[in-house]
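Read through the structure below, which is laid out as structure tokens, and then see the notes.
The values are calculated or read from the model by the stated rules, or taken from the named source; none is laboratory data. Computed from a prediction, not measured in an experiment: that's the story for all the values here. Don't worry about glycine lacking a Cβ; one is built from the backbone with ideal geometry, like all the others, and counts go over all protein chains shown. Protein only, heavy atoms only, side chains kept; ligands, DNA and RNA dropped before computing areas. Shrake-Rupley method; radii C 1.70, N 1.55, O 1.52, S 1.80 Å.
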Amino acid sequence: MCKGLAALPATCLKSAKDMKHRLGFLLQKSDSCDYSSSQGKKEKISLSQRPSQEEVRKWADSLENLIHHDRGLAAFRAFLKSEYSEENIEFWVSCEEYKKTKSPAKLSPKARKIYDEFISVQATKEVNLDSCTREKTSHNVLEPTLSCFDEAQRKIFTLMEKDSYRRFLKSPYYLDLVSPPGAGCGPENCKRNHTHSLDCNSNIISQCA
């Protein structure tokens, strides 16, 4: 008759416990390796998505260069979002998309959507326009054409160019990208900017994906 574990010698029980401990350790190590490998792949993907130094330097030439580059636009949008003023770039992008409309039947609903979202005094993302431009744009939307938002879009572009674009060029959202990876990072700078830099770059990459 089997008397169970009690009948086994003490040395056997100790060996069994040791074997169980080792198996548990190996399983944990395997999981840790899988996680490290996954993290390494993510880091490689992030580096491969980083724009070239030449591309990033061109962003400082003009706002137009910046926002006509996919990753530049994503970086600028992330910066504006951090300042709670992303409505300006969202309006500009919406106008660009609107001008690509091919069907005349879609002009009116699209124009109304942009107007309600950005131009109307009750707009959820109202942009900063002077009363004259706002009134003219309101009139244009009644009989919309592909150019009905052109003046308002130019005004917002100029506003960004003179204000937020200049701040963007001095912010980590730009400086972290224009600097070569790992360059110019002294102990003090690393301690102060490391966490913020990771947040900036992760935001940019997620928007480009």
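Quick notes on this structure:
- Solvent exposure of residue 147, expressed as accessible area, is near 60 Å², computed with a probe of 1.4 Å over the protein chains only.
- Residue-count net charge about residue 116 - beta-carbon cut-off 12 Å; Lys, Arg +1, Asp, Glu -1: +2
- Scalar couplings 3J(HN,Hα) for segment 83-100, obtained by applying the Karplus form with A = 6.51, B = -1.76, C = 1.60 to θ = phi - 60°, are 9, 6, 9, 6, 4, 5, 6, 5, 5, 4, 5, 4, 5, 4, 5, 4, 5, 8 Hz; x denotes Gly and Pro.
- Shown here for segment 49-107: trypsin sites (Lys or Arg not before Pro) in loop regions (DSSP other than H, G, I, E, B) with at most 16 other Cβ atoms within 10 Å, namely 99, 100, 102.
- Label-to-label distance, residue 70 versus residue 100, with points set 7 angstrom from Cα along the beta-carbon direction: 1.2 nm.
- Gain upon complete extension [residue 136, residue 158; 0.36 nm per residue less C-alpha separation]: 6.1 nm
- Other residues with beta-carbon under 11 Å from the beta-carbon of residue 80 carry, at +1 per Lys or Arg and -1 per Asp or Glu, a net charge of -2.
- Value of relative contact order over segment 89-183, rounded to a whole percent, pairs C-alpha under 8 Å and six or more apart: 25
- The relative contact order of segment 100-150, computed from alpha carbon pairs under 8 Å that lie at least 6 residues apart in sequence, is 35 percent.
- Residue 107 sits with roughly 20 Å² accessible to a 1.4 Å probe, with DNA, RNA and ligands left out of the calculation.
- Value of Rg/Rh across segment 58-188 [Cα atoms, Kirkwood radius]: 1.06
- Karplus-derived 3J(HN,Hα) values for segment 61-66, using 6.51 cos²θ - 1.76 cosθ + 1.60 with θ = phi - 60°, are 6, 6, 5, 4, 4, 5 Hz; glycine and proline are entered as x.
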